[in-house]
Amino acid sequence: MGVLVDVFLILVYIIYTAKAGEAKDLKWEVEYKRWSPDGKESVVIAINGKFPGPTIRARAGDTINVELTNKLPTEGVVIHWHGITQKGTPWADGTASISQCPINPGESFVYTFKVDKAGTFFYHGHYGMQRSSGLYGMLIVDVAEEQTEKFTYNDEFHILLSDWWHKGAHEQEVDLSSKPMRWIGEPQSLLINGRGQFDCSLAATSSSESAVPCDDLEGGEQYAPHILHVVTGKTYRLRIASSTALASLNFSIGNHKLTVVEADGNYVEPFTVDNIDIYSGESYSVLFTADQDATQNYWISVSVRGREPKTPQGLTFLTYQPTSEKQLPPSAAPPVAPAWNDYVSSKAFSNKILAAADSPPPPTNSDRRIVLLNTQNTMDGFTKWAINGISLSLPTTPYLGAIKYKLMDAYDHTPPPDHYTPDDYDIMKPPPNPNTRSGNGIYELEFESTVDVILQNANTNSVEVSEIHPWHLHGHDFWVLGYGEGKFTDKDAAGFNLKNPPLRNTAVIFPYGWTALRFRADNPGVWAFHCHIEPHLHLGMGVVFAEGGDRLGNIPNEALTCGLTAKYLMNKETAT
């Protein structure tokens, strides 16, 4: 009998540990390093001496432990795990002044969190404009050990897209905060897995008059193209994520169809296209089959969308084995993306993204609707972005600690408005009164309520200009219920897609349009919701949601050692 009991206990332990997942223990040092992302030496933020940072690979259910040591000499650092909901670990979300204090120079902090579902994710800095300095990397979560994927493939690649300036992030911050603002301009390069080519083109030939060929790539391992090697007849999964600071992108592989199967860590109804649009903060998995002439190589191209392109295409290529990777594709012209302002094409692609058949449906109704108007504004002569007339300015005390310990003086408790005023605001014209104010109030959401958010785009301060804004929600996925033209009205709600809306964590608002989102406020914590374009967030385009504050568990003291929380914890320790 005792042997049977022992066997039973062993089986229970095996089942439990299999479900619980494994622990992935990582030690990272974050530091500045000289690097040549596009052939021109710059300063990047490296992790363990590498740029981009190391790829994390885990299985759903695993726990990630990252002991991060800040070796930046004069500034703090945090890392956001983009797309990870942080259920039970809101302090590990990696948002300075929201979920934690910046990690000071010379100090260490341990991020501990569970990756609860499979998908393609990434991580990046979320303090100042450190993402613009290259603080990012891939985070890939495979299905749990006992599960299988919904689709089959032979092998896989991953691609992390980013944009690159030769002007450093600190100088960009100064320019954006100047009066008048000095715009940072378009990026010098588009990077594929941290590699690009500046002032030359892979597609140029010796006879080309318009571009200089890249002749010296063999000696430039930091910026030589990241080539994908394929075998005829095999099907590949390509995981793509965009950590760009500004650019919206279009991605394509010459002569190869792409079948989209995953978006932001959620399965979608598969559909096949020639190219995909990918906005900052988004991630996709696409399948493609190596079914072309194996004696040739094929361009992989990345092009700017939504802004007049002043940045050359980012390029690399597929190599069919055993064809030499030194053999460039026979066509000197890489695939041509849709015109940068062809929003009909962009909207058509977005509307094709629908949830897979067995995806959870959205709640039929919402408990609250928040309409957020994006406007470009001025404040005392400085250029700002604002939401419903308020430009977000984060406090010194993290909201999470302030709410946990009821520190009433840490931030403004006047809630921001649920709707913009006046109701007759003309989104098609520059604002008649462009002035705004800064604020750090937050939206308090009733726990487990269903919230609709309408993102409303408008004209900037310049006539006939409205920009693309990809918005990212921390701590949640949301259902994208629909897109629309012009100003949102109550009548538009009748057209919401409640049948098969995709679950995402990032969604785009198109110029002069609106995007409708729905989510459940079921994750105790304080969560950023913001435009993922780095300069726009820097200038105030974001809001903060808080929910379930009375349900917050233990928060590591190390996350709160700044502002009023530091004083609170010190007094508490003295009292005990």
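The values are calculated or read from the model by the stated rules, or taken from the named source; none is laboratory data. What you see is a predicted model; the values in this text were computed from it and never measured. Cβ: placed from backbone, ideal geometry, glycine included. Neighbour counts: every protein chain shown. Keep in mind that these areas ignore ligands, DNA and RNA; they rest on the heavy atoms of the full protein, side chains included. Shrake-Rupley method; radii C 1.70, N 1.55, O 1.52, S 1.80 Å.
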Original post:
In the range 546-564, what count of residues is obtained for those that are part of a helix (DSSP H, G or I) and either in contact with a Lys or Arg (Cβ under 6 Å, 6 or more places away or on another chain) or crowded, with 16+ Cβ neighbours inside 10 Å (or both)?
Top reply: 5
Original post:
Among the candidates Thr272, Thr244, which residue alone is open to solvent by 10 Å² or more (accessible area, probe 1.4 Å) and either in contact with a Phe, Trp or Tyr (Cβ under 7 Å, 6 or more places away or on another chain) or hydroxyl-bearing (Ser, Thr, Tyr) (or both)?
Top reply: Thr272
Original post:
Given the conditions (1) of a type outside the set (Ser, Thr, Tyr); (2) closer than 27 Å to Phe122 by Cα; (3) open to solvent by 40 Å² or more (accessible area, probe 1.4 Å), which single one is not true for Lys567?
Top reply: (2)
Original post:
Can you list the strands (runs of 3 or more DSSP E) found entirely within the range 240-287 that contain at least 1 residues being over 18 Å from His536 (Cα atoms) and of a type in the set (Asp, Glu)?
Top reply: 258-263, 266-273, 275-278
**OP:** Return a yes/no flag: does the range 158-170 have any residue that is acidic (Asp, Glu) and open to solvent by 10 Å² or more (accessible area, probe 1.4 Å).
**Re:** no
**OP:** State whether the residues of the range 335-343 include one that is more than 30 Å from Glu485 (Cα to Cα), at pLDDT below 95, open to solvent by less than 30 Å² (accessible area, probe 1.4 Å) and assigned to a loop (DSSP other than H, G, I, E, B).
**Re:** no
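Does Glu146 qualify as being among the acidic types (Asp, Glu), out of contact with any helix residue (DSSP H, G or I) (no Cβ under 6 Å at 6 or more places or on another chain) and within 26 Å of Glu282 (Cα to Cα)? Please lay out each step first, then the result.
On the way: among the acidic types (Asp, Glu): yes; out of contact with any helix residue (DSSP H, G or I) (no Cβ under 6 Å at 6 or more places or on another chain): yes; within 26 Å of Glu282 (Cα to Cα): no.
In short, no.
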Original post:
Identify, please: which residue in the range 202-220 is within 27 Å of Ser133 (Cβ to Cβ) and not in a loop (DSSP other than H, G, I, E, B) and is, among those, modelled with the highest pLDDT?
Top reply: Leu217
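Name every residue in the range 368-398 that is outside any loop (DSSP other than H, G, I, E, B) and open to solvent by less than 20 Å² (accessible area, probe 1.4 Å), in order of residue number.
Residues satisfying the conditions are Ile370, Val371, Leu372, Leu373, Asn374, Thr375, Asn377, Trp385, Ala386, Ile387, Ser391.
If you go through the range 125-179 one residue at a time, how many are of a type in the set (A, V, I, L, M, F, W, C) and within 17 Å of Pro102 (Cβ to Cβ)?
Number satisfying all stated conditions: 3.
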**OP:** Filter the range 57-78 for residues that are closer than 20 Å to Ile159 by Cβ and open to solvent by 10 Å² or more (accessible area, probe 1.4 Å) and give the result.
**Re:** Arg57
**OP:** Filter the range 379-406 for residues that are of a type in the set (Ser, Thr, Tyr) and touching a strand residue (DSSP E or B) at 6+ places or on another chain (Cβ under 6 Å) and give the result.
**Re:** Ser391, Ser393, Tyr399
Original post:
If you go through the range 181-201 one residue at a time, do you hit one that is modelled with pLDDT of 95 or more, among the acidic types (Asp, Glu) and part of a loop (DSSP other than H, G, I, E, B)?
Top reply: yes
**OP:** Determine if the range 221-241 includes at least one residue that is of a type in the set (Ser, Thr, Tyr) and closer than 30 Å to Gln130 by Cβ.
**Re:** yes
Original post:
Can you find even one residue in the range 196-203 that is within 19 Å of the chain's Cα centre (by Cα) and within 30 Å of Trp471 (Cβ to Cβ)?
Top reply: no
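Evaluate the range 529-536: report whether one residue or more is of a type in the set (Asp, Glu) and assigned to a helix (DSSP H, G or I).
Looking only at the range 529-536, we keep the residues that are of a type in the set (Asp, Glu), and these are 534.
Keeping just the survivors that are assigned to a helix (DSSP H, G or I) gives 534.
Yes, some residue in the range 529-536 is of a type in the set (Asp, Glu) and assigned to a helix (DSSP H, G or I).
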Subject >> All positions within the range 490-506 that are part of a helix (DSSP H, G or I) and of a type outside the set (A, V, I, L, M, F, W, C) >> reply: Asp490, Lys491, Asp492, Gly495
**OP:** Six or more apart or on different chains, Cβ under 6 Å: which pairs go from a residue in the range 173-186 that's free of Cβ contacts under 8 Å to residues at least 24 places away in the same chain to one that's open to solvent by 60 Å² or more (accessible area, probe 1.4 Å)? Could you list them?
**Re:** Asp175/Arg182
**OP:** Take the residues in the range 110-131 that are of a type in the set (A, V, I, L, M, F, W, C) and open to solvent by 10 Å² or more (accessible area, probe 1.4 Å), then tell me which one is farthest from Leu246 (Cα to Cα).
**Re:** Val110
Subject >> Residue among Ala339, Ala355 that alone is among the hydrophobic types (A, V, I, L, M, F, W, C) and within 30 Å of Leu202 (Cα to Cα) >> reply: Ala339
Original post:
In the list Gly441, Gly482, which residue meets the criterion of being at pLDDT 95 or above, at positive phi and either among the small types (Gly, Ala, Ser) or not in a loop (DSSP other than H, G, I, E, B) (or both)?
Top reply: Gly482
Original post:
Ala402 is checked against (1) in a helix (DSSP H, G or I); (2) at pLDDT below 95 and fails just one. What number does that condition carry?
Top reply: (2)
Subject >> Residue among Gly88, Gly94, Gly61 that is of a type outside the set (Phe, Trp, Tyr), under 20 Å from Asp477 (Cα atoms), in a loop (DSSP other than H, G, I, E, B) and touching a His at 6+ places or on another chain (Cβ under 7 Å) >> reply: Gly94
